[in-house]
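Remarks on the structure that follows.
The values are calculated or read from the model by the stated rules, or taken from the named source; none is laboratory data. In this text, all values refer to a predicted model and were calculated from it rather than measured experimentally. Counting neighbours? That spans all protein chains shown, and the Cβs are built from the backbone with ideal geometry, glycine included. Only protein heavy atoms, including side chains, enter the accessible area calculation; ligands, DNA and RNA are left aside. Shrake-Rupley method; radii C 1.70, N 1.55, O 1.52, S 1.80 Å.
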Amino acid sequence: MSPATTALASFTPTRYGAGAPLDAEQRHFVSRWSYGYTPALARDVLTAGGTAAWFRQQLQPASIPDAAAEATWGWWPSLARSAADLWKRQVDEVEGGWEVMAYYGSWLMLRRITTKRQVLELMTEFWEGHFHVPVNGDSHFVYRVPYGTTIRQHALGTFADLLKATITHPAMGLFLDNAVSTKSKPNENLGRELLELHTVGRGEYTEADVKESARILTGYRVDVWRTWDASYRPADHSTGPVRVMGFSHANSDPDGRAVTAAYLDYLARHPATARRICRKLAIRFVQDEPSTALVEHLAQVYLASGTSIPAVLRALVVRPEFRAARGTKMRDPGADVVATYRALGATFAKPTSTEAAATQILWIASNLGQRPFEWGRPDGPPLVNSAWSSTSRALASFSFHWSAAGRWWPVKDIAYQSPAQWLPQASLTFAQLVDHLCVRMLGVPSTAALLQACCEVTNYTPTTRITADHALVKWEFHRLLSTLLDSPQHLTR
């Protein structure tokens with residue numbers, strides 16, 4: 001027996017209570033399809049009858065009451081302001097666009113913590129990353145919140161409808177210059193990214209296709225820097241025959257919305273788009289290097305179902321490759337922050353000042369390396385582990401876990417559990433407490449490695465008797481909680 005094996009053998013876990021409510025496969029499932037384990041999530045899965053039934057419910061989000069998450073919408077009134085109102089407030093120096101976008105980022109993170117519609121929120125984030133419009137920008141910020149709302153409305157519909165809604169949205173038009181593109185001066189930016197990033201990908205089109213793509217999209221305008229009204233202007237549409245890859249159209253009508261819809265529908269149903277979208281879904285929800293067989297299977301489902309997103313997700317979760325991918329994906333900075341507050345059972349209140357936790361949570365994510373949708377390039381934030389696995393990222397996460405476990409910051413408009421409230425009974429051994437916390441925070445029973453880590457960081461033995469008056473509870477409980485938050489079981493999903 002090696003020294004390491006000998007050391008682990010002296011830290012045999014002791015079970016407390018009934019153990020983890022979900023088995024390993026169920027826990028893997030909810031880890032991938034939620035923003036972090038909670039006891040309430042486990043109860044929802046068991047009440048539904050298992051992960052398969054829970055997932056079917058999640059794919060019909062309108063059927064799931066979600067009052068707590070919906071209530072957070074009213075916490076930042078500027079999220080509901082019109083584009084013209086937002087711009088006037090910025091010009092009059094009442095409220096900067098960056099402030100409104102900070103509110104949006106905070107609201108997104110609060111929603112991810114609280115919503116019962118976890119799959120809808122995950123897919124909204126996924127598509128907001130795919131059709132990326134960054135929150136930073138002096139023009140598109142005025143439409144950024146309704147852009148996110150539009151994506152949420154289509155996140156579990158068909159890709160064809162989602163593509164049409166995003167590409168013709170004024171936020172996308174402003175970000176990629178289609179809002180100022182005309183038949184006399186067509187701008188190629190959106191026409192190019194539509195092919196390269198949003199649908200078929202590089203190698204499937206030519207420069208001539210890009211120019212024709214830009215011509216098709218002309219007409220969707222925004223009255224920039226003035227009223228910010230979004231409209232379709234037939235006088236700006238470039239008429240005449242167009243051809244992009246295998247798509248052709250007479251394009252004789254000055255109202256080009258019909259040809260745009262037909263073109264986007266062609267791209268959505270193209271086999272190259274099917275493979276590209278399904279590979280990206282597999283990277284996000286399975287592993288960084290999904291097999292060709294998995295991608296091809298999902299692409300067949302995508303095409304046969306008329307680009308149905310739920311059909312692809314249902315096909316993905318029953319594949320052996322998904323079930324075998326336990327713990328292989330890193331949480332990105334925002335996901336770590338959200339999962340940590342879910343694990344700690346913290347509850348947020350409506351912010352009463354800029355120091356409020358609901359506001360400060362955004363800057364915590366920034367300290368870890370990434371605020372929601374601040375990624376500057378149009379290709380969206382990366383989905384692979386290597387982007388979020390640096391030493392500096394790990395140290396930033398450890399520092400955040402230490403602070404959150406200690407309840408040191410933020411402290412305004414937030415309620416944490418006290419150390420005494422974490423104790424399931426008046427007196428128990430340290431090993432029993434570790435097992436209880438593992439089940440409560442991580443959804444898994446204690447292991448020898450976790451117990452050893454907790455013993456070494458606190459200098460207590462597995463048999464140490466813990467009560468509310470013990471020094472661990474009075475002064476050192478953050479050491480125990482942060483050790484579990486620093487574990488692979490928490491940092492991966």
So, in the range 140-162, how many residues would count as being in contact with a helix residue (DSSP H, G or I) (Cβ under 6 Å, 6 or more places away or on another chain) and either farther than 26 Å from GLU70 by Cα or open to solvent by 40 Å² or more (accessible area, probe 1.4 Å) (or both)?
3
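Can you confirm whether GLY191 is farther than 14 Å from VAL133 by Cα and surrounded by fewer than 22 Cβ atoms within 10 Å (Cβ to Cβ)?
On the way: farther than 14 Å from VAL133 by Cα: yes; surrounded by fewer than 22 Cβ atoms within 10 Å (Cβ to Cβ): no.
No.
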Would you pick out the residues in the range 366-418 that are open to solvent by 30 Å² or more (accessible area, probe 1.4 Å) and of a type in the set (Ser, Thr, Tyr)?
SER366, SER386, SER389, SER390, THR391, SER392, SER399, TYR416, SER418
Run down PHE55, PHE11 and say which single residue is in contact (Cβ under 8 Å) with a residue 24 or more places away in the chain, within 30 Å of CYS454 (Cβ to Cβ) and among the aromatic types (Phe, Trp, Tyr).
PHE11
Could we say that ALA293 is in a helix (DSSP H, G or I) and either in contact (Cβ under 8 Å) with a residue 24 or more places away in the chain or open to solvent by 20 Å² or more (accessible area, probe 1.4 Å) (or both) here?
yes
Can you find a residue in the range 183-193 that is in a helix (DSSP H, G or I), in contact with a Phe, Trp or Tyr (Cβ under 6 Å, 6 or more places away or on another chain) and touching a residue at least 24 places away in the same chain (Cβ under 8 Å)?
no
Is at least one residue of the range 296-307 touching a residue at least 60 places away in the same chain (Cβ under 8 Å) and either buried (at least 18 other Cβ atoms within 10 Å of the Cβ) or part of a strand (DSSP E or B) (or both)?
yes
Would you check which residues across the range 465-491 are hydroxyl-bearing (Ser, Thr, Tyr) and open to solvent by 30 Å² or more (accessible area, probe 1.4 Å) and list them?
THR467
Of all residues in the range 308-351 being more than 20 Å from TRP33 (Cα to Cα) and among the small types (Gly, Ala, Ser), the one that is most open to solvent (accessible area, probe 1.4 Å)
ALA349
Tally of residues being touching a strand residue (DSSP E or B) at 6+ places or on another chain (Cβ under 7 Å) and either among the β-branched types (Val, Ile, Thr) or assigned to a strand (DSSP E or B) (or both) across the range 329-351
3
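So is VAL180 more than 30 Å from ARG275 (Cβ to Cβ), hydrophobic (A, V, I, L, M, F, W, C), surrounded by 23 or more Cβ atoms within 10 Å (Cβ to Cβ) and under 33 Å from the mean Cα position of the chain (by Cα) or not?
On the way: more than 30 Å from ARG275 (Cβ to Cβ): yes; hydrophobic (A, V, I, L, M, F, W, C): yes; surrounded by 23 or more Cβ atoms within 10 Å (Cβ to Cβ): no; under 33 Å from the mean Cα position of the chain (by Cα): yes.
So VAL180 fails the test.
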Kindly list, by first and then second residue, each pair from a residue in the range 328-353 that is of a type in the set (Gly, Ala, Ser) to a residue that is part of a strand (DSSP E or B) and surrounded by fewer than 23 Cβ atoms within 10 Å (Cβ to Cβ), limited to pairs with Cβ atoms under 7 Å and residues at least 6 apart or on different chains.
ALA346/ILE414; ALA346/ALA415; ALA349/ILE414; SER353/LYS412
Can you find a residue that is within 17 Å of ARG331 (Cβ to Cβ) and part of a helix (DSSP H, G or I) anywhere in the range 128-138?
yes
Does TYR220 satisfy the criteria of being closer than 18 Å to ARG275 by Cβ and in contact (Cβ under 8 Å) with a residue 12 or more places away in the chain?
no
Residue that is most open to solvent (accessible area, probe 1.4 Å), among those in the range 235-258 that are in contact with a Gly (Cβ under 7 Å, 6 or more places away or on another chain) and within 12 Å of SER181 (Cα to Cα)
ASP236
